[in-house]
Amino acid sequence: MKKYLLLFALICPLLFISCDIEGDEMSDDELIQAIIDSENKILISKSDLPSSAISSINFEMPNDFIDEATLAPELGYEIEMKSFDFIKLEIEYERNDELYFTTKGRKLNSSKGKKGKGKRKGLCFKFEYPLSYSMPDGSIISGNDRKEICIAMKSWYVINEKTRTKPQLVFPITILTFDDDKSIVKKKLESQEELKSAMASCKGERKKN
């Protein structure tokens, strides 16, 4: 009997310690935010991701591709997606659907949705549609949103599978942005250089925020 009491006395504190550790675990929202706020994220390749994370992405987003993946050590992964495996379109800038996984590959689900605090990239401008792209064969693809354009382009590249030339956005275009009072304003851009400048400004604002 004394042996059992002694064994219980030794095990009991371990049980309490275990409970305390589990109670201190972060929620998905907290872990997502910790990954976002991490200042020592490491750029990694797709092959460095856990197989369970790859399987989840392939099942939920079969038509999209990993654009960039980073690891926040001891926290988890942040993954940015895009719609083409070899072409990065300007309209991809509008994406706001980063994925987050634990270090073991479990997908993290935010209870706040896309508008929640847990999004690293807030858009500082959006495109005004319709937009048009000039294809390598001289044809024009237009669409009323990003998805419509991507679907049409994917069909074009299935037919022209040997082509790897990037489509060219047709200018002028109009972007929607915010002024200092957070009111929406329209800005006309005449060239790719002006668009690159607008994108660079947004990246600067993201880092600052």
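Scanning region 144-156 for residues that are surrounded by 13 or more Cβ atoms within 10 Å (Cβ to Cβ) and over 15 Å from Ile87 (Cβ atoms) yields Asp145, Glu148. If you go through region 38-48 and pick out every residue that is in a helix (DSSP H, G or I) and surrounded by 11 or more Cβ atoms within 10 Å (Cβ to Cβ), you end up with 2.
I'd like to check something: does region 55-67 contain any residue that is in a loop (DSSP other than H, G, I, E, B), of a type in the set (Asp, Glu), under 22 Å from Thr103 (Cβ atoms) and modelled with pLDDT under 95?
no
Taking the listed residues Arg164, Arg106, the one that is modelled with pLDDT under 90 and of a type in the set (Lys, Arg) is Arg164, with no other qualifying. For region 75-95, taking the residues that are in a loop (DSSP other than H, G, I, E, B) and at pLDDT below 95, the one that is surrounded by the most Cβ atoms within 10 Å (Cβ to Cβ) is identified as Ser83.
The values are calculated or read from the model by the stated rules, or taken from the named source; none is laboratory data. These numbers come from a predicted model, not from an experiment. Don't worry about glycine lacking a Cβ; one is built from the backbone with ideal geometry, like all the others, and counts go over all protein chains shown.
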